[in-house]
Amino acid sequence: MIINYNTPVTDIKGVGPKTAEHLGKLGIITMGDLLSYFPRSYLVYGGLKNISELADDEMAAVRVRVDMVGNIRRVKNNMSLLTLEVSDDSGNMVIKYFNMPFMAKAVRKGGYYIFRGRVAKNGREISMVQPKKYSGDEYSALSGSYQSIYPLTKGLSNSQLSKAVKKSLEMADFSEDYLSGDERDYLGLPDIKWAYRNIHDPGSDSDAMLARRRLSFDEMFFFVMYLRKNRELIKDRENTCPMVESAEVTRLIEKLPYKLTKGQTKACKDIISDMTGKHLMNRLVQGDVGSGKTIVSVIALLNAVSNGYQGALMAPTEVLAAQHYRTVSDLTKMYGLPFKTVLLTGAVKASDKKKIYSDIASGEVNLIIGTHALIQDNVVYKNLGLVVTDEQHRFGVRQRENLASKGAGPHILVMSATPIPRTMAIVLYGDLSISAIKDMPEGRKPIKTCVVGESYRPSAVSFIKEEIGKSHQIYIICPMVEASDEDEADPELKNVIEYTDRLKSILGERYRISYLHGRMKPQDKDFILSEYARGNIDILVSTTVIEVGVNVPNATVMMVENSERFGLSQLHQLRGRVGRGESQGYAIFMTSKSDEKTMERLGILAKTNDGFEISSHDLKTRGPGELFGVRQSGELSFRVADIFADADLLQKASDHADKILDSDRHLSAPENRSLKNELEFFGRNYLDFRTI
Ligand code: ADP
Ligand code: MG
């Protein structure tokens, strides 16, 4: 453990108020936060290459002569473009700098320089975009070393962050490792101080991997310890919100336009039996995207409300909360359900909030739907009987617990699409009972998926027109919101705003095209999404904000641009947005990268529909440099650990927890003192996995 964890970042040499402010945006307030902010990947400063040796998409350094310094041109989006023509004995290459006109003065025609950047090959043209320039001496000092690449925020550079981390590593004061030397040997793990040093500043790939393993172990072990404790606390708690099975539930199930699947029926039965039983419910409903978890939660909420309790439904995003609100309101109207529903998200105006709070406190409303605004301290419930959290993997355990602490002891129901095998679920959700929905609603057709390159674009466009002709709707996903002006920006990346404009000019007035992204005002987001749900928009161009849970059964085509940029699980979630009704759903994954590795990786999506298989492939096909790269959204969100890659570690962590707790349940033995301290600290600082 880092004893001086809470030293403010401003005490680190070289970190001024401005840098501290940027760090704050990344959630880094203390030196410990900074040391726990791990690199996303590493780059090795490799040996110099000849131009003729360069491969597409690799990071490489070349020593070249500048043959021509081009004029600075204005290109799209009012960006400036400077082009340099360079060569060595083996060939020619083009260097492009967007919005860096000063580079024209930094080089001189006929001079020799080293440029290091990502290589792009396009036909016969070889280019590097925004490479860094070095002198021979500068580069040989770096050669062979590892550069840690951190996720950044605007105004904060990688080198500023790295410098602050290096200083922190010098300052950090570590307490005795809670794993003894023997235990570390047994587990094959290094000590914690070594791990922190080497995750930030490794000497080799294997050092970085080992450091990551130790930190992953800690994360999983603390998590498991926490679950064990939580299980003790919540296990067999008296049912303080007793209920009977309400006739409303049977009535609704009979009236629904479809028959519940076997899995849905069983889940409802489990839930009712919990809520009417002796103990408080703590249940997880697990089912792949589209398996129909929403209606199961509505049935649970209906039972709670019919028994005179309030129910709460918490979703990870405002978009999803608003959708649930609409779904429930529609059902309420259609079937005369006894819900008095309110939507509470961060977007609600302060003046409206007051009224909502008082309605919640007085019991004027009995179903509260929202985001984590539901668990803020100023929300007081009259008689909360059931809390449902949707897309559980998006929330931290602590948030789940916070909401639970709102009532005398509400029943807890969590919904998740995380495709994990049962054995793993038992460890990860060790404090919950599990109902699995394994079957899909009748008549669902598997989504047809294709992975295609640019040449397919015209066909894709005419296919989209055809589907709109059948009154169906389309999603198009782009990786970015708008053209970025950061150094690393890749001008090839599609962005939502430009894309929408271009699409409008290509397709013309006849099509109703809108866009959606996370930086829009919540009201605007909700408006667009509800218009889309009502069928008033044909094509919705969006970032991945729609990835979680959004349900518009009339949408049949999911087209993803630059799909190589996304994790496979994320693409699987995305395609889960279509094929949710009776019509055939299609996923078109566009990619401009046609190399074998990319095609093989994306090809997995065309081969299987099994979420778990897809997730495990995702990990196998990652290179060591991308270790932390693909932060999966469809998974439990640990900061370092990855439940698929580290399945063995999770088991070890679980066994280790058993061993310790079996012999010393309260951690009162002297040899467990440092562990106990650490856990107390962990409980305060780590448990809110920052994922939303
Ligand atoms: P998810 O499990 O991903 O949350 P949803 O609950 O959003 O899935 O359900 C997806 C769609 O399937 C919704 O339009 C819902 O009305 C529909 N649906 C749910 N259950 C059934 C069923 N048993 N038969 C037919 N359609 C169903
Ligand atoms: Mg859902």
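The values are calculated or read from the model by the stated rules, or taken from the named source; none is laboratory data. Just so you know, these numbers come straight off a predicted model, no measurement behind them. Heads up, the Cβs are rebuilt from the backbone with ideal geometry, glycines too, and the neighbour counts pull from every protein chain shown. To get the accessible areas, we keep the full protein, side chains included, count just its heavy atoms, and leave off ligands, DNA and RNA. Shrake-Rupley method; radii C 1.70, N 1.55, O 1.52, S 1.80 Å.
Full extension of the chain between residue 554 and residue 182 gives 128.0 nm of extra length, using 0.36 nm per residue less the Cα-Cα distance. Helices that extend 24 Å or more along their long axis by alpha-carbon positions and average at least -1.0 on the Kyte-Doolittle scale are, among the DSSP H runs of the chain, 205-234, 318-335, 647-663.
From the alpha carbon centroid of region 532-578 to that of region 81-122 is 39 Å. Give the shape of the chain as rounded, prolate or oblate, defined through the alpha-carbon gyration tensor: a ≥ b ≥ c are the square roots of its eigenvalues, a/c under 1.5 means rounded, and otherwise the shape is prolate if a/b is larger than b/c and oblate if not. It is oblate, given that a/c is not under 1.5 and a/b is not larger than b/c. Measuring spread by the Cα atoms of region 46-143 yields a radius of gyration and Dmax of 12.9, 38 Å.
The residue among 220, 459, 654 whose Cα reaches farthest toward the positive pole of the charge dipole of the chain, with charges on the beta-carbon of Lys, Arg, Asp and Glu, is 459. In this structure the amide hydrogen of residue 40, modeled in the peptide plane, comes within under 5 Å of the amide hydrogens of 149, 150, none closer than 5 places in sequence on its chain.
Comparing 328, 425, 505 along the charge dipole axis of the chain, the residue lying farthest to the positive side is 505, per the Cβ-charge model. Counting Lys +1, Arg +1, Asp -1, Glu -1, what net charge surrounds residue 449 among other residues with beta carbon under 11 Å of its beta carbon? Computed value for this residue: +3. Candidate cross-link partners of residue 494 among the aspartates and glutamates, defined by an alpha-carbon separation under 16 Å and a same-chain spacing of 8 or more, comprise 454, 482, 485, 486, 561, 564. The alpha carbon gyration tensor of region 448-608 gives principal lengths a ≥ b ≥ c with a/c below 1.5, which makes the shape rounded. Between the listed residues 161, 80, 150, the Cα displaced farthest toward the positive end of the dipole of the chain, a dipole computed from Cβ unit charges relative to the Cα centre, is found at 80. Within the set 445/597; 382/521; 255/333; 235/293; 25/166, which residue pairs have Cα atoms separated by over 22 Å? Too far apart for the 22 Å limit: 445/597; 382/521; 235/293. The alpha carbon centroids of region 324-342 and region 359-374 are separated by 14 Å.
The charge dipole of region 46-143, taken about the Cα centre with unit charges on the Cβ atoms of Lys, Arg (+1) and Asp, Glu (-1), comes to about 500 debye, rounded to the nearest 20. What FRET efficiency do you get for residue 461 and residue 655 if R0 is 60 Å and r is their Cβ-Cβ distance, rounded to the nearest 0.05? The calculated FRET efficiency here is 0.65. Nearest 5 percent is fine: what portion of the DSSP beta bridges confined to the chain is antiparallel? So the antiparallel bridges in the chain amount to around 40 percent. Within the accessible area of region 448-608, the carbon and sulfur atoms contribute 47%, probe 1.4 Å, all protein chains present.
When +1 charges are put on Lys and Arg Cβ atoms and -1 charges on Asp and Glu Cβ atoms, the dipole computed for region 515-582 relative to its Cα centre reaches about 140 debye.
Taking 18 Å as the straight-line reach from the Cα of residue 465, the lysines in range (excluding those fewer than 8 positions away in the same chain) are 448, 504. Looking at region 11-103, the chymotrypsin sites (Phe, Trp or Tyr not before Pro) that sit in a DSSP loop and have at most 13 other Cβ atoms within 10 Å of their own Cβ are 102.
Using R0 = 41 Å, the C-beta based FRET efficiency linking residue 231 and residue 521 works out to 0.50. In summary, the lysines within cross-link reach of residue 229, defined as a Cα separation below 20 angstrom excluding same-chain residues under 8 places away, comprise 406, 652, 659, 676. Accessible area of residue 377 (1.4 Å probe, protein heavy atoms only, ligands and nucleic acids ignored): about 140 Å². Need the C-alpha centroid separation for region 443-480 versus region 14-79, integer Å. So the separation of the two Cα centres works out to 35 Å. Probe of 1.4 angstrom, ligands and nucleic acids ignored: what's the accessible area per residue over the chain, in square angstrom? Per-residue accessible area for the chain comes out at 45 Å². Exposure check, 1.4 Å probe, all protein chains in place: residue 241 carries approximately 10 Å² of accessible surface. A simple charge model with +1 on the Cβ of Lys and Arg, -1 on the Cβ of Asp and Glu and nothing else charged puts the dipole of the chain at about 1720 debye relative to its Cα centre.
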